[in-house]
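Report on the following structure.
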Amino acid sequence: MKFPKLTTLLFSLATASLLFASCDDDEDQPATGSVDLEFENVVGNQALTLNASTYYTTEAGDQFKVSKFNYFISNVKLTKSNGTTWAEPESYHLVKQAEENTHSFTLKDVPTGDYTQLTFTIGVDSTRNVSGAQTGALAQNNDMYWSWSSGYIFLKMEGSSPQAANPGNLPNGGPLQFHIGGFRKPNNTVQTVSPSLPASTALKVRGTVTPQVHLKADLNKMFAGPNTVRFATLAGTGHSSDPNSVKISQNYAAGMFRIDHIHAD
Amino acid sequence: MAPELLIFEAIPPTFTLLPPVFRSRRVRVGVCSLAVGLLLTAACQPDKDVVVPGDAEGPAPAPTPYALVAPHKLFPAFPNTPNNPLTVEGVELGRHLFYEKQLSGNGTQSCGSCHQQSKAFTDGLAHAIGADGGAPHRRNTMSLANVVWETNLTWDGAGTSLEQQARIPLENPVEMHQPLIESVRKLQGIAKYPPMFRKAFGSSKITEDNVLKALAQFERTLISGNSRYDRYAAGDKTAILPGTDEFQGLTLFNSHAVPGIRGAECFHCHTPVTFTSPAGQFFNNGLDMTFADPGRGGITGAAVDMGAFKAPTLRNVALTAPYMHDGRFQTLMQVLDHYSDHVQLQSPNLHVSLAFSSNNSRTGRMDLTADEKRQLVAFLHTLTDSTFIKDPRFAAPN
């Protein structure tokens, strides 16, 4: 009985000394690593194609096509199981379906460790709506800014639907134009989400490999969830925020973003 | 409730909520300019040891950095142009070249022939007429106001930098019609130019690149931001008084129609504060069912881009008639009649903002009243910047 215990002790000692040795060598064990976030936009179980020849169908059964789908991802945070949180500095990213190079971005200088939660804001926080540099993703001319109310459009979806009002008899149905934004009460549409990691998976940040977090954003979830949207009665939101914008933001906060898988190496 | 909230957010006084942002931005721009200045100095120092072959005078002194100044806090930051930093000498050279008729094949036209300062750098024609006369250009001359902020140049976005764009009108047979290499040869023989190029670019040997760079530098200084609208937007609430036609027009301009609120939807495409397309955006505005000019589609080849054009700046729009890519409308009232009543709703890939308006939910048309059209035209006149069209820095050199 004593023999195994001694072995364990010796083994622990050996491990500890190894650990110390490796800690002295910064090249073997960097203090930080990178994480790639990839956003794949889908409609239900179909890939999203802009201006497709066929219609998509909402969960409630309305048909539609999509001509534009853009959204901001901001204030990205990673949390370890012990509650330690890392927040990306200057964390503002604009995903545009029409621009492939915006579908992924890299979090840099993330302290190494095992993270159990990913958190981000869909849109732009209220502070940055009224202060700070308007450059990069936040440039005014990115098609995501209401200059007169000094605020960002957090999410834009445009398209058409045979179920939407179509007095002009447009060939692809009546227009859909959902521009969601606004950070002032009572129509605050800033939404922050923490989509769960796949079961029994941790996001392992090491210096040597860059894990890729593959998220799917289901556009259909704009119109389903807490507030079912039918295009016959709601085919767009008023510019600047309005109560309908809040409802749609509640929908996409509830279910649009899902972590599909993580490539660990 | 909802309509009141919308009105609150749609009316520009909320501009006044912004100051802290822009104070910090100004600081940042200042730091940036300093940094650019330092870089410039650093970059130019090694040149002092280099004697350009054929340059008998030896090394040239470094040019003086030219700092662009935003008209007011609502304008975006200036894009960096690290490959062509603005200098006092470069801008001045660019101005001389802009008004230089020897850049055209037969010596009759300069850039300034079609981009006339008095008309906010347009020509008053439906279609530009080039140096050779004869067949007109297929498109209407665009204003050069505030091109410093544009990422897509000309109606179809064929140009993505002013340096690259400048070669097109210089060489195009229906425009100035002279190969750039020939222009370089001519300029080299005009007494004033070799010393000016030396001051601006360090060598009196003229190159194609340096001609284009100088023109681009001058164009980047053509900033219009001192209209009555600008004074209003920057905080002078007496510049456009509530209750006036102008004020009502501004509200319509910035409003999206929803039940209970009338809107003219203009801001979607003519986005303040430059009043142009957002970066990379082109629109089919419903002029035609079939497209004599493919517009953006001619560049991308994509069906969805056929008949789509850049939304030109509305700054000084009262001075830039006629209107549209083909100059088909003579007056602003005709333009409003189009958007209000005559949009071709069946046109393929019509822009979504024009496809349905709750102003008239029975027809889906914008259906502006005569009063509303008058108010919008009144507002558009507040975008005229009379200092811009008289600024001696932008005029032909004596």
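Derivation of every value follows stated rules applied to the coordinates shown; laboratory data play no part. Since this is a predicted model, take the numbers as computed values, not measurements. Positions of Cβ are generated from backbone atoms using ideal geometry, with glycine treated the same way; all protein chains shown enter the neighbour counts.
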Note, the range B:105-119: 3J(HN,Hα) by Karplus (6.51, -1.76, 1.60, θ = phi - 60°), whole Hz, Gly/Pro = x, goes x, 10, x, 9, 10, 10, 4, x, 5, 9, 9, 8, 4, 5, 10
Residue by residue through the range B:306-316, the couplings from Karplus 6.51 cos²θ - 1.76 cosθ + 1.60 with θ = phi - 60°, in Hz, x for Gly and Pro, are 5, x, 9, 10, 5, 7, x, 4, 9, 5, 6
So for the range B:59-185, using the alpha carbon gyration tensor with a ≥ b ≥ c as root eigenvalues (a/c under 1.5 gives rounded; past that, a/b versus b/c decides prolate or oblate), I'd call it oblate
Simple spin-label estimate for A:Thr84/B:Thr207, 7 Å along Cα→Cβ, in nm, reads 5.3 nm
The exposure ranking of B:Asp156, B:Asp209, fewest beta-carbon neighbours within 10 Å first, is B:Asp209, B:Asp156
Projected onto their principal axes, the Cα atoms of the protein assembly as shown stretch, largest extent first, over whole-Å spans of 105, 75, 47
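Taking the radius of gyration and the Kirkwood hydrodynamic radius from Cα positions alone, what is the Rg/Rh ratio for the range B:228-300, to two decimal places?
1.09
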Expected integer from the mean partner chain Cβ neighbour count at 10 Å over B:348-358 is 6
Out of B:Gly202, B:Gly307, B:Gly364, a Gaussian network model of chain B with alpha-carbon springs under 10 Å gives the largest mean-square fluctuation to B:Gly364
Long-range amide H partners of B:Thr87, meaning residues 5 or more apart or on another chain whose placed amide H is closer than 5 Å, are B:Tyr66
Quick note on B:Glu219, A:Glu158, ordering by fewest other C-beta atoms within 10 Å, gives A:Glu158, B:Glu219
Per chain B, sqrt(5λ) over the Cα gyration tensor eigenvalues, sorted largest first, in Å, gives 40, 26, 17
A correct Karplus calculation of ³J(HN,Hα) over the range A:167-181, with 6.51 cos²θ - 1.76 cosθ + 1.60, θ = phi - 60°, whole Hz and x for Gly and Pro, returns x, x, 6, 5, x, 9, x, x, x, 10, 8, 9, 10, 9, x
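Summing Lys, Arg as +1 and Asp, Glu as -1, what charge do residues with Cβ under 12 Å from the Cβ of B:Ser113 carry, B:Ser113 excluded?
-1
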Within the set A:Ala133, A:Ala217, A:Ala232, GNM on chain A using Cα springs under 10 Å gives the largest fluctuation to A:Ala133
For the range A:123-265, the dipole about the Cα centre with charges only on Cβ (Lys and Arg +1, Asp and Glu -1), to the nearest 20 debye, works out at 280 debye
With DSSP loop assignment and no more than 15 other C-beta atoms within 10 Å, the trypsin sites (Lys or Arg not before Pro) in the range B:79-150 are B:Arg138
Taking Cα atoms only, Rg over Rh for the range B:314-388 with Rh from the Kirkwood formula is 1.01
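Would you compute, from DSSP H runs of 4+ residues alone, the mean residue ellipticity of the protein assembly as shown at 222 nm, taking -39500 (n - 2.57) per run and dividing by the full residue count, rounded to the nearest 500?
Values: 16 runs with 169 residues, N = 663.
So the calculated ellipticity at 222 nm is -7500 deg cm²/dmol.
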Under a Gaussian network model of chain B whose springs join Cα atoms within less than 10 Å, the largest fluctuation of B:Thr64, B:Thr313, B:Thr382 belongs to B:Thr64
Helix A:243-255 sits off the longest principal axis of the Cα atoms of chain A, rounded to the nearest 10 on a 0 to 90 degree scale, by 40 degrees
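With 10 angstrom as the radius, rank A:Val209, B:Val211, B:Val377, A:Val193 by how many other C-beta atoms surround their C-beta, starting from the fewest. Intermediate values should be presented prior to the final figure.
Numbers: A:Val209 13, B:Val211 27, B:Val377 19, A:Val193 16.
Starting with the residue having the fewest Cβ neighbours, the order is A:Val209, A:Val193, B:Val377, B:Val211.
Could you please tell me the mean projected area of the C-alpha convex hull for chain A, averaged over all directions and given in square nanometres to one decimal?
Mean projected area for chain A: 18.7 nm², to one decimal.
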Helix A:2-24: inclination vs chain A longest Cα principal axis, degrees, rounded to 10, gives 60 degrees
